[in-house]
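Below is one structure; the comments refer to it alone.
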Amino acid sequence: ECQSFTEKGNLSTDKEAIKEILERDDINVKQEQFCRRLLTYRRLNTAETYLDSYQRHEVNSRLYSNLNPAGTSTLRYAAKDPNAQNISKQDNDDDSLDMTVSFNLREAFGPPKGKLWICIDYAQLQLRIFAHACGDAFLIDSFAQGVDIHDTVAREVFQTEQPSSLQRRAAKAINFGIIFGAGRAKIERMSKIEGSYDMYKHRFPLVDKYLKRCERYAKRKGYIRTLGGYPLRVPKKTAYKACNFVVQGTEGEMVKTAINSCTAYCLQDEVPIAPVMIIHDEIIFQTKSLITKKLFLREEKHHITHVGNLMNDAAQTIGVRTEVDAKISNSVWSEASKL
């Protein structure tokens, strides 16, 4: 029996509602199989909707998405005709899906023949922003040391030197759930470990204090400020999500600063790459002329280093220390390999 409802009062069959059913103790095998297939169907149906949109808006094998820098409430780019911000990756961590059905929307995209794509994205940007915002020294130092943050948090929360795969997955769910304003019930449902929410709050008291401070501020003022100082309106009824506005708003500030500085650099004649797409915190660059991957890596790789530095500098202006990952592809986006 579904316990979630739509705004109109109908029983909900969204992703979270179905997952709630899957976690019930009294669900039988046939019911579980049906729910997993329904989740997989929803995923496939969503992908088909996006693919249809790509086909409708395709012009000479290219898409020209309309990016709106002021189209969201959190400073991130909005896109339409088609929506280029929802080109998803394969989600191998979701064990509620039927993973025998494998696809990746990024398989539909890639550079023109003879050219290259260089894909540069911030490593765990939202979690880094959050660590800086709440001021937790352990989280900040963990990022500085370059460790696996989900594994590290699992060690701390569950007091173990060898976190199980379930504990690491739980830590990942908690890390992101906390940022997005999830409460105790949802965190524990996502992490699948009873008491995980309280264990996390006990281990990271500064996080709890910061979340409450953001919520109180948003309730009192009706807005919250990003780390760069930009005010973002927060509906008082959802003030518990104020931290998410800080994190995503700060991300938006950084990415816009980064794309401006990277574009200015790429406009120089001697620079062989130019930005062609932005997906949240990932910027896709394309070579201006035909070139092999081997030749590019031998003679032009320093431009990638410079662009990466510009992206990190954009974060440093706000005081957040970041790292970027770079991949290169001469065929399909989903098959890009690390530089």
Between Thr72 and Val29, what FRET efficiency comes out of the Förster formula 1/(1 + (r/R0)^6) with R0 = 41 Å and r the beta carbon distance, rounded to 0.05? 0.45
Taking a probe of 1.4 Å and leaving out DNA, RNA and ligands, segment 160-248 shows per residue an accessible area in Å² of 55 Å²
Two decimals is fine: what is log10 I(q)/I(0) at q = 0.10, 0.15, 0.19 Å⁻¹ for segment 212-339, from a Debye sum with one equal scatterer on every Cα and no solvent? -0.43, -0.76, -1.01
Peptides 304-312, 106-114, 244-252 ordered by average Cβ neighbours within 10 Å, highest first: 244-252, 304-312, 106-114
Which percent of the accessible heavy-atom area of the chain goes to carbon and sulfur, probe 1.4 angstrom? 49 percent
Counting every C-alpha pair in the chain, the percent lying more than 34 Å apart is 32 percent
Quick check on segment 204-265: what does the Kirkwood estimate of hydrodynamic radius come out to from the alpha carbon pairs, in Å? 12.3 Å
Excluding ligands and nucleic acids, what accessible area in Å² is computed for Leu297 using a 1.4 Å probe, to the nearest 10? 60 Å²
DSSP-loop GluC sites (Glu not before Pro) across segment 154-228, with at most 10 other Cβ within 10 angstrom: Glu161, Glu194
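222 nm [θ] for the chain, helices only, -39500 (n - 2.57) per DSSP H run of 4+, per residue, to 500?
-15500 deg cm²/dmol
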Given points 7 Å out from each Cα along the Cα-Cβ axis, report the Arg184 to Leu290 separation in nanometres with one decimal. 6.5 nm
If the only charges are +1 at each Lys and Arg Cβ and -1 at each Asp and Glu Cβ, what is the size of the charge dipole of segment 217-298 around the Cα centre, to the nearest 20 debye? 640 debye
Tabulate in residue order the Karplus-calculated ³J(HN,Hα) for segment 139-153, using 6.51 cos²θ - 1.76 cosθ + 1.60 with θ = phi - 60°, rounded to whole Hz; enter x for Gly and Pro. 5, 4, 5, 4, 5, 4, 7, x, 7, 6, 5, 5, 5, 5, 5
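The values are calculated or read from the model by the stated rules, or taken from the named source; none is laboratory data. Nothing here was measured: the structure is a model prediction, and the numbers come from that model. For neighbour counting, all protein chains shown are included, and Cβ atoms are generated from backbone atoms with ideal geometry for every residue, glycine included. These area figures cover heavy atoms from the full protein model, side chains too; ligands, DNA and RNA do not enter into them. Shrake-Rupley method; radii C 1.70, N 1.55, O 1.52, S 1.80 Å.
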